[in-house]
Amino acid sequence: MKALIIEDEPMVRLLLKRLLTRFFPHNVLEASDGEEGLAIVERERPVIVFCDIFMPRLDGVGFLERLRADPEYKDLPVVAISSAKDRELVLKLVELRIADYIVKPIELEPTFRRLERLIPALLERKGQEAPQA
């Protein structure tokens, strides 16, 4: 099983990768924008995606719109990552069926505890067994 992080900030990507490697040893993929993320989704078929909202080239909303337009990925769990608290944006993300929302700045311990609950629940819904942290 693979997880994908789509994040343009290298330090945030590294932090998330360190957290996710506990759940997906050797199977955490990375992209720096939505275009690269879409290509990786097609090629690698991750079981979950963590996607920043504000990125160059193709932002998180654009990524989600294109992803959800493909029936094959309509149920792929996507966790949005952002510091934005704009009500309109959050409603748009809910409309695009995000699985959850992680607020930046990411704090290591609280985020890990949240992932411990989130990942097994999301994968169980997809009928897959969650990896152990």
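Could you identify the single residue in Glu116, Glu88, Glu36 that is at pLDDT 95 or above, in a helix (DSSP H, G or I) and not basic (Lys, Arg)?
After applying the criteria, what remains is Glu36.
Across the stretch 55-83, what is the total count of residues that are in a loop (DSSP other than H, G, I, E, B) and either surrounded by fewer than 16 Cβ atoms within 10 Å (Cβ to Cβ) or of a type in the set (Val, Ile, Thr) (or both)?
Residues flagged as in a loop (DSSP other than H, G, I, E, B) and either surrounded by fewer than 16 Cβ atoms within 10 Å (Cβ to Cβ) or of a type in the set (Val, Ile, Thr) (or both) within the stretch 55-83 amount to 6.
Among the residues in the stretch 9-20, are any part of a loop (DSSP other than H, G, I, E, B) and more than 16 Å from Thr111 (Cα to Cα)?
yes
Looking only at the stretch 41-77, how many residues end up being closer than 15 Å to Asp8 by Cα and not acidic (Asp, Glu)?
13
What single numbered condition from (1) in a helix (DSSP H, G or I); (2) modelled with pLDDT of 95 or more; (3) surrounded by 12 or more Cβ atoms within 10 Å (Cβ to Cβ); (4) not hydroxyl-bearing (Ser, Thr, Tyr) fails to hold for Arg43?
Condition (3) is where Arg43 drops out.
Among the residues of the stretch 91-106, count how many are more than 13 Å from the chain's Cα centre (by Cα), within 11 Å of Ile81 (Cβ to Cβ) and of a type in the set (A, V, I, L, M).
1
The values are calculated or read from the model by the stated rules, or taken from the named source; none is laboratory data. Everything quoted here is computed from the prediction, not taken from an experiment. Neighbour counts are summed over all protein chains in view; Cβ atoms, including those assigned to glycine, are modelled from backbone coordinates with ideal geometry.
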